[in-house]
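Written below as structure tokens is the structure these notes are about.
Any read-out appearing in this document is the output of simple, stated calculations on the displayed coordinates, not a laboratory observation. What you see is a predicted model; the values in this text were computed from it and never measured. Ideal geometry is used to build each Cβ from the backbone, glycine not excepted, and the neighbour counts take in all protein chains shown.
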């Protein structure tokens with residue numbers, strides 16, 4: 001029985017494929033698809049291809065890709081599977097670091113090159129229906145561009161319209177996001193035959209998936225990301241609980257009706273339950289095993305299995 005392919009949504013796998021120095025054409029194709037430059041990128045120098053062992057189990061470490069193009073542009077690519085509600089400021093922060101690191105004190109500012117951050121998100125974040133949004137510095141009233149030296153992209157995987165067959169794919173960015181989202185699907189199987197870079201990425205994914213050492217590292221990274229997600233969920237729930245407690249105290253002080261308080265409490269509990277189920281489904285789609293999900297979320301194994309069956313039927 002063939003082994004299930006590892007998920008490119010996990011940053012370890014994503015970096016192994018798109019940050020692979022032996023196959024720079026994969027990253028070149030992806031960057032050209034995202035940025036659509038007038039003069040296509042012809043070569044890249046990948047700056048951080050190594051993955052340190054300590055980063056795998058550190059739930060707060062970033063396994064991103066840093067590269068410099070043949071025209072001198074500095075690029076950072078990161079994939080995120082869980083909404084931490086800070087992506088805009090987070091991206092601005094890492095953009096500023098990448099920009100600032102290009103020169104030392106006393107250097108001429110003219111040395112500063114165009115710097116691009118690309119964020120791939122496995123969740124909806126921005127308040128529009130487009131799955132790909134790109135931003136630069138512009139004048140507020142006239143929309144006149146100040147400079148292209150700053151460019152930040154957000155690619156939201158869930159917003160991509162479901163693709164039924166490869167004929168529906170008319171651009172390489174859609175092809176790449178389909179690969180990241182569903183590498184074992186029929187659409188990618190067909191695209192492999194006509195898109196060289198997609199074929200190379202799939203072959204690298206198959207190689208990684210068949211390597212027991214790489215699979216072991218992958219499982220450790222998945223667990224660390226799950227622990228991080230669980231910590232976020234716990235902190236969110238604790239914050240809500242604190243808010244509810246304060247709200248109840250205020251409600252009593254103001255003589256609010258008990259029935260209204262109960263109704264709010266029931267609504268909050270239902271929202272918490274739905275959010276937890278949504279998180280479990282996301283973990284299942286990433287290939288995380290039932291026992292690990294149960295451990296990380298505090299839900300019973302039986303309940304996770306039930307949700308898994310519902311997801312299959314859906």
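Checking the structure you have, find out if any residue of the range 91-105 is more than 17 Å from the chain's Cα centre (by Cα), loosely packed, with under 10 Cβ neighbours inside 10 Å and in a loop (DSSP other than H, G, I, E, B). Yes; the residues of the range 91-105 include at least one that is more than 17 Å from the chain's Cα centre (by Cα), loosely packed, with under 10 Cβ neighbours inside 10 Å and in a loop (DSSP other than H, G, I, E, B). Condition check: out of contact with any helix residue (DSSP H, G or I) (no Cβ under 7 Å at 6 or more places or on another chain), without any contact (Cβ under 8 Å) to a residue 60 or more places away in the chain and in a loop (DSSP other than H, G, I, E, B). Does residue 174 satisfy that? No; evaluated as a whole, the condition is false for this residue.
Selection over the range 286-304 of residues that are touching a residue at least 40 places away in the same chain (Cβ under 8 Å) and assigned to a helix (DSSP H, G or I) gives a count of 4.
I need the full set of residues from the range 1-31 which are part of a loop (DSSP other than H, G, I, E, B), surrounded by fewer than 24 Cβ atoms within 10 Å (Cβ to Cβ) and free of Cβ contacts under 8 Å to residues at least 60 places away in the same chain, in order please. Across the range 1-31, the qualifying residues are 1, 2, 21, 22.
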